[in-house]
Each structure stands twice: as C-alpha cells, then as structure tokens.
Amino acid sequence: MAGNSQRPNRRTSNKKGAQVGSGGKRRRGLEGKGPTPPAEMRKGHVKQRAAQAKTRRAQGRSQRKGGGGKAGTELVVGRNSVVEALREHVPATTLYVQQFIDNDDRVREAVQLAGEQPGIHLMEAPKPELDRMTKGLHHQGLVLQVPEYEYAHPDDLAAAAFDEGDEPLIVALDGITDPRNLGAVVRSVSAFGGHGVVVPERRAAGMTAAAWKTSAGTAARTPVARAANLTRALESYQKAGMMVVGLAADGDVELPELEALDGPVVIVVGSEGKGLSRLVGETCDVRARIPMPGGAESLNAGVAAGVVLYEAARRRS
C-alpha cells in the first residue's frame, strides 16, 4: 500500500567518518606544533624559574623603595669595628660621627676611608641620637650603617653558569649560623671558581658585616642566594641535571673517589656539631667524606668547603 512505503534511513549524527589517508585524525591533529620555544618560555625549565624569580625580586625592590624606612639595615658600632669594616670595603650608606668627639687616629681613619669610598655619606649626630640608634650599645662615637644585602635566587646561580658554558659548582650551607663561616665559604668559592653559595632563610647565617669582612671583599663578586626551603632548592638543582653531594663523616664515598665533582654539582655542608639535617641528607644523591689521617672528627664549614672546592677545581683545570 502507498501509505506503508518504506523511507530510506537518514544519518542522525553530524560527526564525520574517518578521512581517507588521515589515519583517523583530523587535519589540525596532523599539523606541527611549530618551533621549540626558548628555555625561558618552557614550563618548569630552570631558566624560566630564574627569569620569574628575577621579576619577583625586582617587584619586591620597587615595593620596598615605596615603603621607605630603614628596615633590614645593620649597624656596625665601635671605633675598631667601624674602621675594620671600612678597610674591608663592607658596603655602607652612612657613617655617623658623634658631635664634639675626641679626634683620635681611629676616628680620623674612619672619616678618611668613608670619604674615599663612593656612596657613603658623612653625618654628624649628637650622642643621645647615637644612643637611640644603637639601643644603648657602646658605640664610642662611630656608627656605620650597612644596607640590606640583596640575595640572588638559587636558580640564578645555575642559570648563570649554564649561560656561560660552565658546569655549575655551587655550595649550599645547612644549619650554618656563624656569619664568619659563611664569609669563609664565600671566599673559598671565589678562590676556586665556584658559582655561588646558597643559604636557608631561617636558622642560618646571613650576609652581615661580619660575613663581608671574613670574605675579604670576595662577596662583591660571588653571589649568595637565599632559599625559602633548602630541600626544594636542592631538588630543583637535581631536575636541572646537577648532582647533589652531602658532606658527612659517615659518607659512603671518599673525596678522592667522588666522580660527581667532574660535572655540574652542588656541595652541601652541614654544621660542625650536627652535620646535615635529616631531610637534606635524604635529598642528597651521594654522601661523601673527607679522609682525615690525623684523626680529627670533623672540620668547620669553611675548611670543609675549601678542601672539596680545591679538589673540584683541580679536576676541572
């Protein structure tokens, strides 16, 4: 019957079938992704993290300038301490000299040294004002104001070395609280061609005037980076292809047998008494020990770092 004639089946879906010769993929799926982006634009790359950190630090500096004040500055007080700091060219902004002070040799030398160094202002102040600034310390009429140190980001140290075609040689300090030890390590890193020092933000020595003096001026050309979390900073170095070597009295490998020193490496030095902290020790790729035929139980951080850095420099020369 005409009313019961069958109608042809119609396609109800708008999806297209596989295209002949496309392997089941659409045209856009077969197109290339273009050239490889530069390292600074690749997510997770050490150079991208370094560029981002540099931007954050620049923003932070602009915010601090807008806020004003003297937060983060350090005061060196006393005639001998001030003269020694000026002799070692510790960065300073202002030398305060007490009004009507006895003009002895140290005062004259301090004023002369400050006048010879650009950027240091000479200010005369009454004794009550210096007493207030130093919170009652025995300043002997001389106070030197040292600005806040501008730390690098840990990624900056490795990125700078790679950019120069070098294999990074970095020292990380775990639990070092004496600024003189930090200054000694900075001096050794500079002497043996290292690329910088990393310190934690908390419970660790920072770049104070004492550290500057011990570094004997090398802190001006050897960057010090500060890590919010030292373990994560070490893991970031590992992702960048660097070996992390922890120094420990019970290490598995002796220094002369440590092959990691030939390539990109981070040397982690712990405190003389406690050594490496647990998390930092577990993060290290290898734990090495310095052979000491004389029988000493341990070395301080400055000496230990110097010994390992010398061995690294000898092999790389």
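The values are calculated or read from the model by the stated rules, or taken from the named source; none is laboratory data. No experiment lies behind these values; they were computed from the predicted model shown. Virtual Cβ from ideal backbone geometry, glycine too; neighbours counted across all protein chains shown. Just so you know, the surface numbers come from the protein's heavy atoms only, side chains and all, with ligands and any DNA or RNA stripped out. Shrake-Rupley method; radii C 1.70, N 1.55, O 1.52, S 1.80 Å.
Take 73-85, 92-104 and order them by the average number of nearby Cβ atoms within 10 Å per residue, most first; the result is 73-85, 92-104. By accessible area, using a 1.4 Å probe on protein heavy atoms only, the stretch 202-317 has 48% of its surface on carbon and sulfur. The stretch 209-271 and the stretch 70-139 have Cα centres separated by 35 Å. Expressed as a fraction of 2.2 N^0.38 Å, the value expected for a compact globular protein of N residues, the C-alpha radius of gyration of the stretch 78-143 is 1.01. Restricting the stretch 218-317 to GluC sites (Glu not before Pro) that sit in a DSSP loop and have at most 11 other Cβ atoms within 10 Å of their own Cβ leaves Glu297.
Assuming 0.36 nm per residue, please report the length gained on full extension of the stretch His121 to Val253 beyond their Cα-Cα distance. Intermediate values should be presented prior to the final figure.
Working: separation 132, 0.36 × 132 = 47.52 nm, distance 5.26 nm.
42.3 nm is the gain from fully extending His121 to Val253.
Over all other residues within a Cβ to Cβ distance under 10 Å of Leu142, the charged ones net out to +2, with Lys and Arg as +1 and Asp and Glu as -1.
Rounded to the nearest 0.05, what FRET efficiency do Met292 and Gln112 give with R0 = 41 Å and r taken as the Cβ-Cβ distance? Could you check? Write down the numbers at each step before the final one.
Working: r = 46 Å, r/R0 = 1.12.
With R0 = 41 Å, the Cβ-Cβ based efficiency is 0.35.
Calculate log10 I(q)/I(0) of the stretch 236-317 for q = 0.12, 0.15, 0.20, 0.27 Å⁻¹, where I(q) comes from the Debye formula with a single equal point scatterer on each Cα and nothing for solvent. Log10 of I(q)/I(0), two decimals: -0.31, -0.50, -0.89, -1.54.
According to the Kirkwood relation over distinct C-alpha pairs, the hydrodynamic radius of the stretch 108-234 is 16.5 Å.
What does a probe at Glu201 reach in the stretch 223-245, counting residues whose amide N is under 18 Å from the point 7 Å along Cα→Cβ? Within reach of a label on Glu201, which here means backbone N under 18 Å from a point 7 Å along Cα→Cβ, the stretch 223-245 contributes 224-237.
Taking 0.36 nm per residue of sequence separation and removing the Cα-Cα distance, the Ala191/His138 pair yields an extension gain of 15.5 nm. Sparse packing (at most 14 other Cβ atoms within 10 Å of the Cβ) combined with a DSSP loop state is found for the following trypsin sites (Lys or Arg not before Pro) in the stretch 223-317: Lys274. The convex hull built on the alpha-carbon positions of the stretch 169-317 has an orientation-averaged projected area of 8.2 nm².
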